[in-house]
Structure formats: C-alpha cells, structure tokens
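These notes concern the structure reproduced below.
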Amino acid sequence: MTVSLRALNYLELESHLDRSGIGTAADQQRAALERTDVDVVTSPWRGGSLPRAGLSAAAGRGAFADYDVAHCNLIGPGSVAVARHANAEGIPLVLHTHVTREDFAESFRGSSAVGPALGRYLRWFYSQADLVLCPSEYTKSVLESYPVDAPIRPMTNGVDVDALAGHEDLRAEYRERFDLDGMVVFAVGNVFERKGLTTFCEVASDTDYDFAWFGPYDTGPHASKTVKRWVSNPPANVTFTGWIDDIRGAFGAGDVYLFPTKNENQGIAVLEAMACGKAVVLRDIPVFEEFYTHGHDCLKCETRAEFSRALDLLARDPDLRRRLGENARETAAEHSLDRVGERLVAAYEALLDGRVPE
C-alpha cells in the first residue's frame, strides 16, 4: 500500500452474533485485514459507543469516528446511520451481503412471511452502496434479481485455518462428552430448518450412525415449530449439543460433515469442515456448484435416499472418505484469509481512487 488507510468494519449487534455465520464472516474480514497495513476500527461511533457519540455530537464534535472507508456487515438501523453519514460525507461505502430474502426464510417463526417486505428493504438498503460485496456468484444473481442498483462483486468469506488448529486433540473429549461412537455424522451452526434440519433428522432415522448437530437452538417464542419439534423429540441417534465452548471440538469429534441446507450464500462451516480434512456431503444446490465438485472434494445429493446411500458408501469405504477429505483441505486452502485481505485492500483502494473494483 502507498498510503495509510483507516477502514471501519462494522457489525451492529455484534455481541449477539458471536457464533453466527455473520459474526464469523466479520471476524474473518478483520483477521484478514490484520495481515495487511489497513488500520481497522470496529465502531463507527466517536468514543466507541453510541452514548458517548451522543455526548460528542452535543458538544459539537460529531457523532462518528474518523475512517476513510465504511464497511458494514448487517442491515439494521446502525448500519443505515453509517450509510447515510458515509454518503453525506463522500466516504466510500461497502455493504456486505450476509442477509438475503431467500436465506432468511425458514430461520425463525414468521421469517418466510416477511420475505416480500424484506426484499424491498434490502433492495433499498444495498443500493446505497458504492460497492456491494457478496460471498458468491449465486448471491450476486439473487441481488441482481431484486434489483440492487449498485456494483456487486463476489468475494469469498474465506476460512480461518489457524483458528481451527488443534481440533484433532479435542476428539476424545468431545466424543465422550456427547456419547458419540463410530463414524459420526455432524453439522455445525445454529439449528434452522433452512439448513436442512428435517432432512438431517430423517436421514439419521434411516441409518444407524451417530448424528450430532453442534450449535445453539432457540425454543422460545421466536423458534420455528419445526425446530422445537425436532430438538424436543429427536431420533434416538441424534444429539443436539446446544452451545459448545470450543467449536474446534465439533470438527474433532465428527467424521462426515452432512449439510442438507436449502439455501446458502456460501456456507462458512462447510469450508471449516473441509479445512479440517473432513469428508463432506452437501445438498446439490446452485451455490455449491461454483465452489465444490462432486466426487472430488465432496458428495452431492438431492433426496433423503441419496443422502443415506452416500453415508453408507463413506462408512464402507474409508479410503474414499480420506481422499475426499484430503481434496477438501486443498479446496479450503483456496479460500485463505491472505487472499481475502488482499482483495479487501484492493477494493478499498479502488473506491478511494474513484474506481469500481474489478
């Protein structure tokens, strides 16, 4: 870099998104930028908080911190305020797409019903940007269909391989903790129907393997009926662990990562499983076409019966399981944080030069 660059990387509600895909993506952006010369600030507010920003504004010093580029990762009122300030002050604005109408469906009670209104809001929100970043070509096509009136560029969320180091050492501990044995089929992340919860449980009921879903689930008023039903009465061979203190334990305990998700913008946990050398079984949906190859670094399925047959094949053929895992590790290496950092810096510098990033 030829000049010092100060970038805001903002995730409102950050404390509530610690183990979510959005929280992980923001963490990885910051980790990637730490490998560059960019100076990252994580709060847009002068003084580091909204109350202090209010006092600063009252004293005539302004409510917003100083930064050269504004990069927001969520779509709420804080991000709207940042966007309006950036547009008013001529600060390049990057809005990162982690939420679409399509992937919000079947997440919480009523989430599908608000889809049309959410779509209209997202079209307006993302259209404020000088640059919209999204995790995949698939997501770009979704945004173009709204349509979003701003340049859209795909950029992988990446995978933080260093953060997963030592997962093998946790295998015995986590398998014992959750009473797991044999070839363990697993998933990682928040428990949503959109992520294939029903298929996960139905396939488990068709097989004799131990299944484990590592991640929090909601049984309160916002939880969907489907989530409540499965977590309260799962098949005998399915364990819902809830929150775990070290996500590496999930990748240590599991053997085959099963992800029958219905819609994704990319799927960070898939890359994490691949980085750990796990065999991966995915639903054959468009977004995975651009990243993964059936029979090389994963197996792709469409039906409940196909998922069951894929697991049986991997159980019978440990050499296949190992080969898929080795190839998957190579695929994950293509999504390194070094590459993410380089692309983010190039995007910021292009915007500051008045150019649209390639």
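Overview of values
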{"item": "Selected from Leu313, Leu118, Leu180 as most flexible by GNM, with the chain as the system and alpha-carbon contacts under 10 Å", "result": "Leu313"}
{"item": "Using θ = phi - 60° and Karplus 6.51 cos²θ - 1.76 cosθ + 1.60, couplings along region 70-80 (whole Hz; Gly, Pro as x)", "result": "9, 10, 10, 10, 9, 10, x, x, x, 5, 4"}
{"item": "Under Karplus coefficients 6.51, -1.76 and 1.60, residue-wise ³J(HN,Hα) of region 91-96 in Hz, glycine/proline x", "result": "8, x, 10, 10, 10, 9"}
{"item": "Rel. contact order, % - alpha carbon contacts under 8 angstrom, at least six apart, region 164-334", "result": "25 percent"}
{"item": "Relative contact order computed over the chain (Cα-Cα under 8 Å; 6+ residues apart), in percent", "result": "17 percent"}
{"item": "Beta bridges per DSSP with both ends in the chain, % antiparallel, nearest 5", "result": "5 percent"}
{"item": "The chain - Kirkwood radius from inverse mean 1/r over Cα pairs (Å)", "result": "21.4 Å"}
{"item": "Using alpha-carbon coordinates, inclination of helix 115-126 to the longest axis of the chain, degrees", "result": "40 degrees"}
{"item": "Between 0 and 90°, nearest 10: helix 197-206 axis offset from the chain longest Cα axis", "result": "10 degrees"}
{"item": "Asp319-Arg123 pseudo-label distance in nm [points 7 Å out on the Cα-to-Cβ vector]", "result": "5.5 nm"}
{"item": "Computed FRET value (nearest 0.05) for Asp181 with Arg229, which takes r as the C-beta separation and R₀ as 22 Å", "result": "0.25"}
{"item": "Distance in nm between pseudo-label sites at Trp243 and Asp18 (7 Å out along the Cβ direction from Cα)", "result": "0.6 nm"}
{"item": "³J(HN,Hα), Karplus 6.51/-1.76/1.60, whole Hz, each residue of region 170-175, x for Gly, Pro", "result": "9, 4, 4, 4, 7, 5"}
{"item": "Long-range HN-HN contacts of Gly189 with modeled amide H, under 5 Å", "result": "Phe214, Gly215"}
{"item": "Unsatisfied cross-links (Cα-Cα over 19 Å) in the set Lys228/Lys300; Lys140/Lys262; Lys195/Lys300; Lys140/Lys278", "result": "Lys228/Lys300; Lys140/Lys278"}
{"item": "GNM top mover of Arg248, Arg283, Arg177 - the chain, alpha-carbon springs below 10 Å", "result": "Arg177"}
{"item": "Residues with amide H under 5 Å from that of Gly62, placed H, sequence gap 5 or more", "result": "Ala57"}
{"item": "Rough spin-label spacing in nm, given labels placed 7 Å along Cα→Cβ, for Glu289 and Glu173", "result": "4.3 nm"}
{"item": "Helix axis angle, 21-34 relative to the chain longest principal axis, alpha carbon, degrees", "result": "60 degrees"}
{"item": "Reference-scaled alpha-carbon Rg (2.2 N^0.38 Å with N residues) for region 66-215", "result": "1.35"}
{"item": "Reference-scaled alpha-carbon Rg (2.2 N^0.38 Å with N residues) for region 164-334", "result": "0.95"}
{"item": "Three-way shape call for region 186-265 based on the alpha-carbon gyration tensor, with the a/c threshold at 1.5", "result": "rounded"}
{"item": "Among Tyr257, Tyr174, Tyr126: highest mean-square fluctuation, GNM of the chain, C-alpha pairs under 10 Å", "result": "Tyr174"}
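Every read-out reported here was derived from the displayed coordinates using simple, explicitly stated rules and does not represent laboratory data. For clarity, every value in this text was computed on a predicted model and none was experimentally measured. Virtual Cβ from ideal backbone geometry, glycine too; neighbours counted across all protein chains shown.
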